[in-house]
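Derivation of every value follows stated rules applied to the coordinates shown; laboratory data play no part. Computed from a predicted model, the values in this text were never measured in an experiment. Glycine gets a Cβ as well: all are built from the backbone with ideal geometry, and neighbour counts include every protein chain shown.
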Amino acid sequence: MRLQTSVSVLALAASVAGAGCYPDRLDTTNYDVVATVYDTSATFNKPTFAMSDSIVHLVPPGGNDNISRAFDAQIIARVRQNMTARGYVEVANPTTADFDILLAASTTEYQGYYWGYWCDYWGYWYPYGCYYPPYWGTYSYTVGSLFVAMTEPSTASAGKVGMVWLNVANGLAGTGATASRLTAAVDQMFTQSPYVTAQ
């Protein structure tokens, strides 16, 4: 099985903040990335699919599940809508479906600091320069990952799930998560996967 990866860079963000940056400069829509991996030997033009009615939360042992379920129904509905738009027909039993769609989510929290001088706000007061001392503070943000996977039950075997298509949408979560961003991420998974079609 040979895997091929497709990545849509909705934004390039290796770091969030550096010296002199302010928290309000963090635009959450600029930190979304959708990556797709698929089995190039798989045959996707089969008619039926089944789908989980819930999103599994991937939480480390002993960790707290801080992942919101506010958008679960929307995500599930959007994946379903994209699948049916590609010509697939949903069936109830995943063991008899040609494909089974699985969904999961995880989060990772990051913390950092910002700093600057009062002259950033008020300018220079000649001949005194900036006001001192400089101000500083801390910030934190949560990066959430949404996983959408397609397995082919007929190819599953002991210890293997027969996965043929895997998508990961990474971006800011928590208060940064919005219906429009999540819809865009799910749609992008299918946009960059033209081979996923029952036709």
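Give the order of Tyr88, Tyr38, Tyr195 when sorted by the count of other beta carbons within 10 angstrom, beginning with the fewest.
Placing the least packed residue first, the sequence is Tyr195, Tyr38, Tyr88.
How far apart, in nanometres, would the label points at Glu90 and Thr43 be if each is projected 7 angstrom from Cα along the Cα-to-Cβ direction?
Between Glu90 and Thr43, the label points sit 2.6 nm apart.
Using mean Cβ contacts within 10 Å as the protection proxy, how do 182-193, 56-67 order, highest first?
For the peptides 182-193, 56-67, the packing ranking is 182-193, 56-67.
Work out, step by step, the length gained on full extension between Thr108 and Val56: first 0.36 nm times the residue separation, then minus their alpha carbon distance; give nm to one decimal.
17.2 nm
Can you work out the Karplus-derived ³J(HN,Hα) for every residue in segment 70-77? Use 6.51 cos²θ - 1.76 cosθ + 1.60 with θ = phi - 60°, whole Hz, and x for glycine or proline.
4, 10, 4, 4, 5, 4, 4, 5
Please work out how much length the chain gains when fully extended from Ala70 to Gln192, using 0.36 nm per residue of separation minus the C-alpha to C-alpha distance, in nm with one decimal.
Gain on stretching Ala70 to Gln192: 41.3 nm.
Net charge near Val186: determine it from the other residues with C-beta under 12 Å of the C-beta of Val186, scoring Lys and Arg +1 and Asp and Glu -1.
For residues surrounding Val186, the net value is +1.
Pull up all non-local amide H partners of Val164: gap of 5 or more, or a different chain, and H-to-H distance under 5 Å with H placed in the peptide plane.
The list, which skips near neighbours in sequence, is Met150, Thr151, Glu152.
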